[in-house]
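Please read the structure below before turning to the comments.
The values are calculated or read from the model by the stated rules, or taken from the named source; none is laboratory data. What you see is a predicted model; the values in this text were computed from it and never measured. Please note: Cβ atoms are built from the backbone with ideal geometry, for glycine as well, and neighbour counts cover all protein chains shown.
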Amino acid sequence: MLKTYNGHEVSVIFGARLLTGLVEGDAVTIERDTDSWTDSVGLNGEVTRSGSADKRATVTIRLQQSSSDNDYCSGIVAADELAKSGVLPILVRDSNGNSIYAAPEAWIQKPTAATFGKEAGEREWVIRCAKVTMFSGGN
């Protein structure tokens, strides 16, 4: 059976806004901070595993330098630093497949670094999530 993946079907909604201007390549990365399980072994070889309730994660979004959503993200950082009002929900979804990642509380960790050169570059936004739900599905 033929399966199809199309990067244009991946959407990022931060707050109530669909972010546009994602770069080609690895535009969005989602990674949990801690392992779901750790294990330890005793002297007799008995293994014990321990589950983690820590569901924090980092979502990294790379936007084209020309994307107007850099203005949106910069505004969120400014509002958060001024009035502590930058905590928003985030949703990353592959509409062509089954992958979905969501967090009700997410915030931009810091303003993006900026570089300027001969050609337009990109801006990387690091978004922290207090508790993410992750489902990495297929297409």
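Would you please list the contacts, defined by Cβ atoms under 6 Å and residues six or more apart or on different chains, that run from a residue in the range 80-101 that is among the hydroxyl-bearing types (Ser, Thr, Tyr) to a residue that is assigned to a strand (DSSP E or B)?
Tyr101/Ile30; Tyr101/Val92; Tyr101/Met134
Listed residues Gly15, Gly7, Gly21; which is at pLDDT below 95 and either within 25 Å of Leu91 (Cβ to Cβ) or within 13 Å of the chain's Cα centre (by Cα) (or both)?
Values: Gly15 fails: at pLDDT below 95; Gly21 fails: at pLDDT below 95.
From the options Gly15, Gly7, Gly21, the qualifying one is Gly7.
Name the residues in the range 97-139 that are part of a loop (DSSP other than H, G, I, E, B) and of a type in the set (Lys, Arg), would you?
Lys110, Lys118, Lys131
What's the total number of residues in the range 26-63 that are closer than 24 Å to Arg93 by Cβ, of a type outside the set (Ser, Thr, Tyr) and without any contact (Cβ under 8 Å) to a residue 24 or more places away in the chain?
Total satisfying the criteria: 1.
Looking only at the range 25-68, how many residues end up being touching a strand residue (DSSP E or B) at 6+ places or on another chain (Cβ under 9 Å) and closer than 21 Å to Ser99 by Cβ? First the steps, then the outcome.
From the range 25-68, those touching a strand residue (DSSP E or B) at 6+ places or on another chain (Cβ under 9 Å) are 25-33, 36-42, 47-52, 54-65, 67; that's our starting set.
Add one more test, that the residue is closer than 21 Å to Ser99 by Cβ, and what stays is 25-33, 36, 55-63.
Here the count works out to 19.
Could you check the range 23-58 and list, in sequence order, the residues that are part of a strand (DSSP E or B), out of contact with any Asp or Glu (no Cβ under 9 Å at 6 or more places or on another chain) and not charged (D, E, K, R)?
To start, the set of residues in the range 23-58 that are part of a strand (DSSP E or B) comprises 28-32, 37-41, 47-51, 57-58.
Cutting the leftovers down to out of contact with any Asp or Glu (no Cβ under 9 Å at 6 or more places or on another chain) gives us 28-31, 37-41, 51.
Result: Val28, Thr29, Ile30, Trp37, Thr38, Ser40, Val41, Gly51.
Out of the residues in the range 24-55 meeting the condition of being of a type outside the set (Val, Ile, Thr) and under 11 Å from the mean Cα position of the chain (by Cα), tell me which one is farthest from Trp125 (Cα to Cα).
Our first condition is that a residue be of a type outside the set (Val, Ile, Thr); within the range 24-55, this holds for 24-27, 31-33, 35-37, 39-40, 42-46, 49-55.
Right, trim to under 11 Å from the mean Cα position of the chain (by Cα) and you get 27, 31-32.
Values: Ala27: 10, Glu31: 14, Arg32: 16 Å.
Among them, the one singled out is Arg32.
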